[in-house]
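Below is one structure, written out as structure tokens, with a few remarks after it.
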Amino acid sequence: MRMREMWERFWAWYDRNYTLNVSIAAGLFLLQLVHLVWLGGEVATLRALGTALFDLTGMWETLIIVVDYTELPAIFTMTLVYIDAWRRGSKWNAVLMLALLHSQWMHIFWITDEFIVTTLSEPGSTILPNWLAWIAILIDYLEVPVVFDTLIKLGRSLREKRGLEGIKQALNEA
């Protein structure tokens, strides 16, 4: 099978199951709102005010870490949503949302760097300048318009019943 045929089959499947695909993407990105609340309430307020609104430890800290790692599949699934939108003619919105979405890679690499440095050295230390940390935190909030746009796409898909059989079939098979 040629590559072109494989892509055509993939996009045909994607279209048949669009509502399911957008539901998964929206669900993964809604989890990111939990992460953003933590980021603002603990990390940003601690850096800005010297004290956090809350301090997650134990099970809650582990849960936030797990939620943070759902950002990777969220970026992947949302990329498919916007490539599909591009294919259907929504070029400018797709480009804007893909740019906001993929700006998250800068944030992800910063968090990884800070986590390693603070784990291996004195608490609170980082190899990055403080202003760069603020930029990385602000970049993380660029996903908010993507979350809302995805929810709009999901709502439209449910109204149009576009690929709703994919959700029904997945639920019946479970």
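In whole percent, how big is the carbon plus sulfur part of the accessible area of the range 14-112, probe 1.4 Å, protein atoms only?
Values: 3820 of 5080 Å².
Carbon and sulfur: 75 percent of the exposed surface of the range 14-112.
What ranking, highest mean first, results for peptides 18-29, 78-89 when packing means the other Cβ atoms within 10 Å averaged over each residue? Can you show the working numbers first?
Values: 18-29: 21.8, 78-89: 17.2.
Output ranking for 18-29, 78-89: 18-29, 78-89.
Give, in nm to one decimal, the length gained when the segment between VAL34 and PHE54 is fully stretched (0.36 nm per residue of separation minus the Cα-Cα distance). Kindly include the intermediate steps, with their values, before the conclusion.
Numbers: separation 20, 0.36 × 20 = 7.20 nm, distance 1.34 nm.
Gain in length upon complete extension: 5.9 nm.
Please give the contour-minus-distance gain from LEU63 to ASN93: 0.36 nm per residue of separation, less the Cα-Cα distance, rounded to one decimal in nm. Don't skip to the end; give the middle numbers.
Working: separation 30, 0.36 × 30 = 10.80 nm, distance 3.27 nm.
Working it through step by step, the gained length comes to 7.5 nm.
Can you give the FRET efficiency for LEU46 and LEU72, using 1/(1 + (r/R0)^6), R0 = 30 Å, r = Cβ-Cβ distance, to the nearest 0.05? All intermediate terms of the calculation are to be shown ahead of the outcome.
Numbers: r = 25 Å, r/R0 = 0.84.
According to the calculation, E is roughly 0.75.
Please give, to one decimal in nm, the separation of the simple spin-label points placed at LEU142 and LEU158, each 7 Å out from Cα toward the Cβ.
Reported label-point gap for LEU142 and LEU158 is 2.9 nm.
Determine ³J(HN,Hα), in whole Hz, for all residues of the range 16-31 in sequence, where each value follows from phi through the Karplus function 6.51 cos²θ - 1.76 cosθ + 1.60 and θ = phi - 60°; x replaces Gly and Pro.
My calculation for the range 16-31 gives 5, 10, 4, 4, 4, 5, 6, 5, 5, 4, 5, x, 5, 6, 5, 4 Hz in order.
The values are calculated or read from the model by the stated rules, or taken from the named source; none is laboratory data. What you are looking at is a predicted structure, and each value in this text was computed from that prediction instead of being measured. Cβ: placed from backbone, ideal geometry, glycine included. Neighbour counts: every protein chain shown. To get the accessible areas, we keep the full protein, side chains included, count just its heavy atoms, and leave off ligands, DNA and RNA. Shrake-Rupley method; radii C 1.70, N 1.55, O 1.52, S 1.80 Å.
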